[in-house]
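Read through the structure below, which is laid out as structure tokens, and then see the notes.
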Amino acid sequence: MSSFKSLEPFVLFVTNDLELEKKISPAFEKYGAYFSTQNTEVASQIIDIKRVDVLLIDESLYQDRTIASKYRKHIFDLYTKTVEKNPKAVTLVFFEKKLSNFINEFSRKSEVLIKLDRNNIDKNKVNYILQTFSRQKFKSLVLNDFKAGKKFSAPLFIYNDDKNGYELFLNADEEFTRGKMDLLIQKGHNRIFVKNEDLVKIFDSSNMYFSEEMHQTRKRYKFFLSYFLDHSADEKTYIGNQLSDLGKDIIKRLRKLISRFDNPAEALCKLPYVRWTEISHGLNCAIYIIIWGDYLGLKNTDDLAFAAFVHDHGKFEIDFKPGTHGKFFSNLTDNIDYKKHPQLCLEMLKRKCIHLDRRVHDAIASHHENFDGTGFPRGISGEDLTVEAMLLSIADLFDHFKTIHAYNQHVTADKAWAELLEVHQDSLLGTKYHPRLISRLEDFFRIYQKDKVKKTA
Ligand SMILES: [Fe+2]
Ligand SMILES: [Fe+2]
């Protein structure tokens, strides 16, 4: 079987600040090709011959008044050319002062544009952003959209965890037999992948409701994040309002998708994205929260789902090594800085003028606290922890088990839940979560199991 790496982007950094270049260039080591230049002419020639996936622009050049106007034009040309050739290119601007209209014009033309404060930047922040926004060569499709016995006009792939790449599953025009479909389901695959350029062919040849909706939702969430992580969009009430509205729209879309399944537990199994990315983690957690929040009858479920979108993005503010999610127990929880991310998220919400329900606000602060007091950052315990905080924490861990693949394989929701229960019971001083909440959620899985048995009988 042939397999493909998911990311091989080309990064172009236009800067004359060697120190900054030295500081952040290690972020690109594992991102394939990287080139830096202070000469905008050279940069322009590179864009002519190469498709740029990540363009980094250092505003310090622009601050030099002697070259400012010329540079400004050059930068704009570089940017436009890059986006023309690759509309999904990620662009990061390291800014010193706000670039006002100039940069807003950029934003309108780009799918993703992030502005970072150049005085407060390091390789890990850049890494975090690239991880979050990098363009993928493959699009994921929800298996529910596929009917056994059909043929598709483009090849389909599955994701292989061991190889960290995509593997050919079905050739174009080969029949997607019942046996092949069952094999995927048995192995816990709820998604299948198609090359970006083939997406239209697949959409054209079948009814792709779930996949199409999921694409739109992910796209919106990406847009939401590009503003949420953008420092130059701080302290502007209208942006806060836009973000709140966008968040509500994403939740509405997720609800619509969930309601299309026979029951919410089926949606919980089939909707989450199968790989760990910053984008999928936020969306996956929101899916679990909507399903479980409604099941438990919470009044603030939508606010809590909004919290799920942002709960971990305080990590963006700290200098820690991202991409170590598989080892999150030992490595990350020992890291003092990592422990600040819940609080940093609250500060980001405040700067973005976003107001959430008070209990939801506390839930973000406490999404790493444990019922037995062994969590962080405050070590609070027992009834001091709200159901919202516990639920966000459960969704968080459940997604780790569902998408990290503890055994290097795709796991079903049942298996992920069993893993979570083990951690729950093995907590140092008691249990990780409130036993009453766990038993309510166990009922949720039992109801689903009954349903499944009924269906197969
Ligand atoms: Fe977290
Ligand atoms: Fe998380």
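Data table
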{"read-out": "Failed condition for L183, given (1) more than 20 Å from V274 (Cβ to Cβ); (2) without any contact (Cβ under 8 Å) to a residue 40 or more places away in the chain", "value": "(1)"}
{"read-out": "Residue count for the range 376-386, restricted to those that are part of a loop (DSSP other than H, G, I, E, B) and either without any contact (Cβ under 8 Å) to a residue 24 or more places away in the chain or more than 16 Å from ligand 2 (Cβ to nearest atom) (or both)", "value": "6"}
{"read-out": "Residue tally, condition of a type in the set (S, T, Y) and not in a helix (DSSP H, G or I), over the range 260-290", "value": "2"}
{"read-out": "Near pairs, Cβ below 8 angstrom, 6+ apart or cross-chain, from the range 443-454 (aromatic (F, W, Y)) to any residue that is modelled with pLDDT of 70 or more and not in a helix (DSSP H, G or I)", "value": "Y448/N263"}
{"read-out": "Of all residues in the range 265-303 being among the acidic types (D, E) and modelled with pLDDT under 95, the one that is farthest from ligand 2 (Cβ to nearest atom)", "value": "E266"}
{"read-out": "Qualifying residue in the range 370-382 (condition: under 29 Å from Q242 (Cα atoms) and in the same structural domain as A233 (by TED's automatic domain parsing))", "value": "no"}
{"read-out": "Residue within the range 407-419 that is in a helix (DSSP H, G or I), more than 30 Å from A233 (Cα to Cα) and within 15 Å of ligand 2 (Cβ to nearest atom) present", "value": "yes"}
{"read-out": "Residue satisfying condition, being assigned to a helix (DSSP H, G or I), buried (at least 23 other Cβ atoms within 10 Å of the Cβ) and either within 16 Å of ligand 2 (Cβ to nearest atom) or at pLDDT below 95 (or both), within set L391, L397", "value": "L391"}
{"read-out": "Where F152 falls short, out of the listed (1) free of Cβ contacts under 8 Å to residues at least 12 places away in the same chain; (2) buried (at least 19 other Cβ atoms within 10 Å of the Cβ)", "value": "(1)"}
{"read-out": "Residue under evaluation T403, criteria (1) touching a helix residue (DSSP H, G or I) at 6+ places or on another chain (Cβ under 7 Å); (2) of a type outside the set (F, W, Y); (3) in a helix (DSSP H, G or I); (4) at pLDDT 95 or above, criterion not met", "value": "(4)"}
{"read-out": "Criterion violated by Q45 - all others in (1) over 18 Å from K81 (Cβ atoms); (2) surrounded by fewer than 16 Cβ atoms within 10 Å (Cβ to Cβ); (3) modelled with pLDDT of 85 or more satisfied", "value": "(1)"}
{"read-out": "Any hit, the range 319-333, residues being within 15 Å of ligand 2 (Cβ to nearest atom) and modelled with pLDDT of 95 or more", "value": "no"}
{"read-out": "Selection count where residues are away from ligand 1 (no atom under 16 Å from the Cβ), surrounded by fewer than 21 Cβ atoms within 10 Å (Cβ to Cβ) and either in contact (Cβ under 8 Å) with a residue 12 or more places away in the chain or more than 30 Å from A233 (Cα to Cα) (or both), scope the range 357-375", "value": "4"}
{"read-out": "Test: residue in the range 193-202 that is of a type in the set (A, V, I, L, M) and assigned by TED's automatic domain parsing to the domain that holds V411", "value": "no"}
{"read-out": "Subset of the range 243-262 (residues that are under 15 Å from N190 (Cβ atoms) and either in contact with a Phe, Trp or Tyr (Cβ under 8 Å, 6 or more places away or on another chain) or not assigned by TED's automatic domain parsing to the domain that holds H313 (or both))", "value": "L257, R260"}
{"read-out": "Enumeration of residues in the range 203-218 that are surrounded by 13 or more Cβ atoms within 10 Å (Cβ to Cβ) and at pLDDT below 90", "value": "F203, S205, S206"}
{"read-out": "Filtered residue count, the range 7-30, keeping only those that are of a type in the set (A, V, I, L, M, F, W, C), without any contact (Cβ under 8 Å) to a residue 60 or more places away in the chain and assigned to a loop (DSSP other than H, G, I, E, B)", "value": "1"}
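Yes/no matrix, rows are residues, columns are (1) assigned to a helix (DSSP H, G or I); (2) within 23 Å of T403 (Cβ to Cβ); (3) of a type in the set (D, E); (4) assigned by TED's automatic domain parsing to the domain that holds L344:
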site: N127; (1), (2), (3), (4): yes, yes, no, no
site: N144; (1), (2), (3), (4): yes, yes, no, no
site: D182; (1), (2), (3), (4): yes, yes, yes, no
site: R220; (1), (2), (3), (4): yes, yes, no, yes
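The values are calculated or read from the model by the stated rules, or taken from the named source; none is laboratory data. The shown structure was predicted, so the numbers you read here are calculated from the model rather than taken from an experiment. A quick note on method: Cβ atoms are made from the backbone with ideal geometry, for glycine too, and the neighbour counts reach across all protein chains shown.
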